[in-house]
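Just so it is clear, none of the values below were taken in a lab; they were calculated from the coordinates. Nothing here was measured: the structure is a model prediction, and the numbers come from that model. When we count neighbours, we look across all protein chains shown, and the Cβ atoms used for this are built from the backbone with ideal geometry, even at glycine.
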Amino acid sequence: MCLAIPMKIKKIARPVATAEAGGLDQEVRVDLIEDLSPGDYVIVHAGFAIQKMTEEEAMENIRLLEDIKDAL
């Protein structure tokens, strides 16, 4: 099973960006997304930002991941 995590972009120094999720910062590759700015939300899989998403989509995904975690 593959898992992608919603993350918020903090700063960009192409081809990498610093993104945050759950209070943790991580460097991610942003080669696949052209129009990206700090403050944008992306879905990250295997260290690559693969798609932009709205803040509402990101918050809903985070809520669902928390629900899954709480159910375990």
Peptides 59-69, 39-49 ordered by average Cβ neighbours within 10 Å, highest first: 39-49, 59-69
What are the aspartates and glutamates whose alpha-carbon lies under 18 Å from the alpha-carbon of Lys8, with same-chain residues fewer than 8 places away excluded? Glu20, Asp25, Glu27, Asp31, Glu34, Asp35, Asp40, Glu55, Glu56, Glu57, Glu60, Glu66
Just to check I understand the Karplus step: with θ = phi - 60° and J = 6.51 cos²θ - 1.76 cosθ + 1.60, what whole-Hz values come out for region 22-28, glycine and proline as x? x, x, 10, 9, 8, 7, 10
Rounded to a whole number, what is D in µm²/s for the chain from Stokes-Einstein with the Kirkwood radius over alpha-carbon pairs (10 °C, 1.306 mPa s)? 129 µm²/s
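Pairs of Cα atoms under 8 Å, at least six residues apart: use those to get the relative contact order of the chain, whole percent.
Answer for the chain is 28 percent.
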